[in-house]
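Read the structure below first, then the notes.
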Amino acid sequence: MDQQKEFEILIRKDRDSHREKVWHGNLLGYLEKVKEDPTIVKLAHARIYDIIIKAGVRNIQDTDDPHLKKLYKDESIKIYNFFSDEFYGIEKIISQIVRYCHAASLKGEESRQVLYLMGPVGSGKSSLVEKIHRGLEASDPFYAIEKCPMFEEPLHLIPRHLRKEFEKMLGVHIEGDLCPVCRYRVKEEFKGKYEEFPICTMEFSKRARVGAAVVPPVDPNNQDTSVLIGSEDISKLDLYSEGDPRVLELNGALNVGNRGMVEFIEVFKNEVEYLHCMITATQEKVVPAPGRHGLVYVDTVILAHSNEAEWQKFKSDHTNEAILDRIVVVKVPYNLRLSEEVKIYQKIIRNSDFRAHVAPHTLEISSMFAILSRLEPTNKCDLMTKLKLYNGEEVVEKGRTKKVDVVELREATKREGMGGISTRFIMKALDNSLSDNVAGNCINPINVREALIDMIREADFPDDTRKQYLEYLQDTLHKEYLEILEKEITRAFVYSYQEQAEALFQNYLDHAEAYVNKSKVKDRNTKEDLAPDEGFMKSIEEQIAIIGSSADGFRQEVIAYLWASNRRGEKIDYRSYEPLKEAIEKKLMASVRDLSRVVTKARTRDEEQSEKYGAMVKNLLENGYCTTCVDVVMKYAANHLWKD
Ligand SMILES: Nc1ncnc2c1ncn2[C@@H]1O[C@H](COP(=O)(O)OP(=O)(O)OP(=O)(O)O)[C@@H](O)[C@H]1O
Ligand SMILES: [Mg+2]
């Protein structure tokens with residue numbers, strides 16, 4: 001019973017809040033409303049722009065993601081909250097979409113152009129458009145002429161010769177003309193008394209086709225424009241005289257999308273006549289009414305999308321120039337940032353029925369593969385390095401942070417992100433790896449990588465592409481994963497890893513500083529002054545191949561770097577200077593390598609070993625592993641990391 005009450009309350013609340021926003025009246029009443037709040041009069045582009053902006057905007061430099069800030073340090077990119085909780089790594093693309101909406105909302109030339117999203121399969125085009133659809137549906141109701149098939153702006157009722165005066169009185173601009181159906185009703189039903197015409201509020205709805213319409217590619221043998229502009233009801237043609245608007249069925253996509261938006265899926269699959277109709281709708285803001293009923297005013301945002309192949313084909317035909325000139329193209333390539341690619345799969349999994357355990361690094365390794373496949377090679381670094389740089393990470397090479405400018409890397413590419421493995425392909429691999437392992441109900445980097453390898457072998461790729469992809473999976477990612485895994489096992493083995501790393505770091509700093517300043521180190525316990533311990537420093541430095549004469553330079557760099565950070569007021573720890581961090585982590589790894597090896601490979605363990613092994617497994621379980629994947633991963637480590 002209580003539960004029922006709860007349901008009831010929810011339903012009633014929802015109904016009441018709806019009722020508050022519902023309004024019924026006539027044109028006179030509406031004019032009063034406009035006088036009170038002129039912003040209720042809005043053209044479609046401005047409405048959508050306002051919806052996006054209302055959710056909030058941040059500057060990329062004001063986010064708390066240090067990688068992101070670094071990647072875009074010289075660019076001013078905005079983050080739009082409207083999109084940011086569902087779309088990842090495509091901030092620049094989104095800002096182009098919003099820029100279009102803004103320009104169009106100011107009635108610039110763009111308000112008379114089609115917004116066209118072009119990109120590879122699964123790059124998020126449909127989802128972006130869908131998000132705008134949902135934004136409209138969640139927005140406040142809009143005012144429309146009651147029973148108008150196109151939900152017209154009520155101000156259309158005001159005759160031309162009075163508009164100037166009304167515009168002055170209301171502080172709004174009046175654009176557009178009555179549709180033939182309403183014009184007829186004013187004359188016949190209301191005997192010209194348009195001020196009494198009923199006005200009501202309406203809600204955007206894609207399913208009910210109110211202010212939102214979708215046009216899938218139409219069968220080329222049946223390109224009947226009625227899908228776009230409606231038709232004449234043949235059964236009524238006998239009843240009414242020719243030219244009587246009562247025969248009109250203004251239910252085409254461009255009719256019902258009036259006030260909101262019309263989406264064209266795979267737009268260039270349609271015949272040219274079809275596209276002309278779409279272009280006229282934006283360019284002239286009119287569409288022909290079916291039969292002999294003249295032109296109908298429309299105000300809608302036209303969003304089209306398709307893949308690159310279709311675009312190229314269309315573009316190469318010069319007879320299409322007139323259409324091309326009226327299209328704003330926004331390229332939607334794949335995301336190329338590792339951290340964001342992981343978020344994409346987390347989102348898709350969250351929204352799906354996928355309910356298995358996902359072992360640590362599974363999505364990371366899958367995402368690495370997706371991104372590697374999308375990157376263009378460069379002579380400045382290898383692809384894995386490029387991937388990490390694009391992710392805002394620092395890459396250490398020969399004891400130094402690699403100095404490659406990400407902006408330059410990006411600019412040197414031609415069509416990076418426009419090809420490669422799609423999000424859907426990766427999702428399929430995650431599903432496949434689960435169906436191979438139903439009993440464990442767990443997916444992990446190892447079985448996902450296997451699933452990917454199988455899929456690549458079977459898929460229809462050109463030979464050299466397939467070879468390349470297999471190399472990424474079998475070689476690059478295999479190595480990368482082993483590195484990740486060894487680090488992880490070390491962490492699980494080393495009791496209080498963080499503290500030990502920190503202790504090594506402090507110790508190294510003491511000695512390196514004394515070495516650089518040609519002074520002594522005060523022993524923390526005995527307070528004795530000692531000469532800097534070169535043996536100790538070397539044991540750290542050699543981890544990242546700093547040997548012989550290069551050590552001097554390295555020590556100076558470490559001290560100078562940390563000094564500068566300290567002066568900037570930054571907190572210093574073992575992770576502050578990337579090369580040193582790597583050296584310390586490797587040193588720790590080396591220190592337990594023998595232990596790991598013996599303990600993980602052993603078939604029978606003595607008591608002490610068992611205890612160590614147990615503690616390590618417990619650590620892993622606490623860090624996101626489940627009992628299934630801990631087993632898989634440890635076996636994998638025993639077979640691959642510590643080979644005899
Ligand atoms: N950058 C991204 N951020 C968040 N989600 C993304 C991103 N790119 C793709 N996706 C997700 O990937 C899935 C596939 O995207 P979507 O269907 O929108 O692609 P599409 O570009 O329309 O592909 P197609 O050309 O095949 O129609 C969706 O679940 C989408 O949300
Ligand atoms: Mg799509």
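Is it fair to say residue 177 is under 17 Å from residue 50 (Cα atoms) and away from ligand 1 (no atom under 16 Å from the Cβ)?
Values: under 17 Å from residue 50 (Cα atoms): no; away from ligand 1 (no atom under 16 Å from the Cβ): yes.
It is false that residue 177 is under 17 Å from residue 50 (Cα atoms) and away from ligand 1 (no atom under 16 Å from the Cβ).
Could you list all residues from the stretch 594-643 that are open to solvent by less than 30 Å² (accessible area, probe 1.4 Å), farther than 25 Å from residue 356 by Cα and not in a helix (DSSP H, G or I)?
602, 642
Could you grab me the full set of residues in the stretch 139-155 that are touching an Asp or Glu at 6+ places or on another chain (Cβ under 7 Å) and buried (at least 21 other Cβ atoms within 10 Å of the Cβ)?
Within the stretch 139-155, 144, 145 qualify.
Looking at (1) among the basic types (Lys, Arg); (2) crowded, with 16+ Cβ neighbours inside 10 Å; (3) more than 16 Å from ligand 1 (Cβ to nearest atom), can you tell me which one residue 292 breaks?
Result: residue 292 passes all but (2).
For residues that are away from ligand 1 (no atom under 16 Å from the Cβ), out of contact with any helix residue (DSSP H, G or I) (no Cβ under 6 Å at 6 or more places or on another chain) and more than 18 Å from residue 284 (Cα to Cα), tally how many sit in the stretch 71-116.
5
So which residues in the stretch 10-59 are farther than 14 Å from residue 203 by Cα, more than 33 Å from the chain's Cα centre (by Cα), in contact (Cβ under 8 Å) with a residue 12 or more places away in the chain and open to solvent by less than 80 Å² (accessible area, probe 1.4 Å)?
If the condition is that a residue be farther than 14 Å from residue 203 by Cα, more than 33 Å from the chain's Cα centre (by Cα), in contact (Cβ under 8 Å) with a residue 12 or more places away in the chain and open to solvent by less than 80 Å² (accessible area, probe 1.4 Å), then 25, 26, 27, 29, 30, 31, 33, 34, 38 are the ones that fit.
Working only within the stretch 389-423, note down all residues that are outside any loop (DSSP other than H, G, I, E, B) and either of a type in the set (Asp, Glu) or more than 11 Å from residue 578 (Cβ to Cβ) (or both).
389, 390, 397, 406, 407, 408, 409, 410, 411, 423
Where residues in the stretch 461-488 are under 27 Å from the mean Cα position of the chain (by Cα) and more than 15 Å from residue 373 (Cβ to Cβ), which of them is most open to solvent (accessible area, probe 1.4 Å)?
Among those that are under 27 Å from the mean Cα position of the chain (by Cα) and more than 15 Å from residue 373 (Cβ to Cβ), it is 484.
Determine which single condition residue 130 fails, assuming it passes every other condition in (1) farther than 15 Å from residue 55 by Cβ; (2) more than 9 Å from ligand 1 (Cβ to nearest atom); (3) open to solvent by 20 Å² or more (accessible area, probe 1.4 Å).
Unmet for residue 130, out of (1) farther than 15 Å from residue 55 by Cβ; (2) more than 9 Å from ligand 1 (Cβ to nearest atom); (3) open to solvent by 20 Å² or more (accessible area, probe 1.4 Å): (2).
Filter the stretch 556-583 down to the residues that are within 15 Å of residue 398 (Cβ to Cβ) and of a type in the set (D, E, K, R), then identify the one that is nearest to the chain's Cα centre (by Cα).
578
Can you find a residue that is over 22 Å from residue 332 (Cα atoms), of a type outside the set (A, V, I, L, M) and in contact (Cβ under 8 Å) with a residue 12 or more places away in the chain anywhere in the stretch 453-462?
Yes, some residue in the stretch 453-462 is over 22 Å from residue 332 (Cα atoms), of a type outside the set (A, V, I, L, M) and in contact (Cβ under 8 Å) with a residue 12 or more places away in the chain.
Which pairs turn up if I take residues in the stretch 340-354 that are among the aliphatic types (A, V, I, L, M) and modelled with pLDDT of 90 or more and look for partners that are near ligand 1 (Cβ under 8 Å from one of its atoms) and open to solvent by less than 40 Å² (accessible area, probe 1.4 Å) with beta carbon separation below 8 Å, at least 6 apart in sequence or on another chain?
Short answer, once both residue conditions are applied: 344/88; 344/89; 344/335; 344/423; 348/423; 348/427.
Looking only at the stretch 479-503, which residues are under 17 Å from residue 367 (Cα atoms) and in contact (Cβ under 8 Å) with a residue 60 or more places away in the chain? Reasoning before the result, please.
So the first thing to find is which residues in the stretch 479-503 are under 17 Å from residue 367 (Cα atoms), and the list is 479-485.
Selection gives 480, 481, 482, 484, 485.
Which residue is modelled with the lowest pLDDT, if the candidates are limited to the stretch 355-386 and must be assigned to a loop (DSSP other than H, G, I, E, B), under 23 Å from residue 441 (Cβ atoms) and not hydrophobic (A, V, I, L, M, F, W, C)?
Ranking the qualifying residues of the stretch 355-386, first place goes to 355.
Would you pick out the residues in the stretch 73-83 that are touching a residue at least 24 places away in the same chain (Cβ under 8 Å) and open to solvent by less than 60 Å² (accessible area, probe 1.4 Å)?
As a first pass, look at the stretch 73-83 and keep what is touching a residue at least 24 places away in the same chain (Cβ under 8 Å): 74, 80-83.
Hits for the stretch 73-83 are 80, 81, 82, 83.
Kindly establish whether residue 251 is open to solvent by 50 Å² or more (accessible area, probe 1.4 Å), farther than 24 Å from residue 317 by Cβ and under 36 Å from the mean Cα position of the chain (by Cα). Break it down stepwise before answering.
Numbers: open to solvent by 50 Å² or more (accessible area, probe 1.4 Å): yes; farther than 24 Å from residue 317 by Cβ: yes; under 36 Å from the mean Cα position of the chain (by Cα): yes.
Considered against the rule, which asks whether it is open to solvent by 50 Å² or more (accessible area, probe 1.4 Å), farther than 24 Å from residue 317 by Cβ and under 36 Å from the mean Cα position of the chain (by Cα), residue 251 comes out as yes.
Among the numbered criteria (1) open to solvent by less than 30 Å² (accessible area, probe 1.4 Å); (2) modelled with pLDDT of 90 or more, which one does residue 312 miss?
(1)
Assuming residue 121 fulfils every condition listed in (1) farther than 19 Å from residue 345 by Cα; (2) of a type outside the set (D, E, K, R); (3) open to solvent by 40 Å² or more (accessible area, probe 1.4 Å) apart from one, which condition is it?
Among (1) farther than 19 Å from residue 345 by Cα; (2) of a type outside the set (D, E, K, R); (3) open to solvent by 40 Å² or more (accessible area, probe 1.4 Å), residue 121 violates only (1).
Can you pull out every residue in the stretch 390-431 that is small (Gly, Ala, Ser) and under 22 Å from residue 343 (Cα atoms)?
392, 417, 419, 420, 422, 429 - these are the residues of the stretch 390-431 that are small (Gly, Ala, Ser) and under 22 Å from residue 343 (Cα atoms).
Please note which helices (runs of 4 or more DSSP H) are completely contained in the stretch 1-98 and include at least 2 residues that are in contact with a Pro (Cβ under 7 Å, 6 or more places away or on another chain) and modelled with pLDDT of 95 or more.
27-36
Tell me which helices (runs of 4 or more DSSP H) are completely within the stretch 105-193 and hold 3 or more residues being out of contact with any strand residue (DSSP E or B) (no Cβ under 6 Å at 6 or more places or on another chain) and either closer than 21 Å to residue 46 by Cα or among the hydroxyl-bearing types (Ser, Thr, Tyr) (or both), or say none if there are none.
Output list reads 125-138, 160-170.
Kindly establish whether residue 68 is touching a helix residue (DSSP H, G or I) at 6+ places or on another chain (Cβ under 7 Å), in contact (Cβ under 8 Å) with a residue 40 or more places away in the chain, open to solvent by less than 30 Å² (accessible area, probe 1.4 Å) and within 16 Å of ligand 2 (Cβ to nearest atom).
No.
Quick test for you: out of 375, 336, pick the one residue that is away from ligand 1 (no atom under 12 Å from the Cβ), open to solvent by less than 40 Å² (accessible area, probe 1.4 Å) and within 22 Å of residue 68 (Cβ to Cβ).
On the way: 336 fails: away from ligand 1 (no atom under 12 Å from the Cβ).
Checking each option against the conditions leaves just 375.
The values are calculated or read from the model by the stated rules, or taken from the named source; none is laboratory data. As the structure is a computational prediction, the values presented were derived from the model and not from experiment. Note that we place each Cβ from the backbone using ideal geometry, even for glycine, and neighbour counts take in every protein chain shown. With ligands, DNA and RNA removed, areas are computed over all heavy atoms of the protein, side chains included. Shrake-Rupley method; radii C 1.70, N 1.55, O 1.52, S 1.80 Å.
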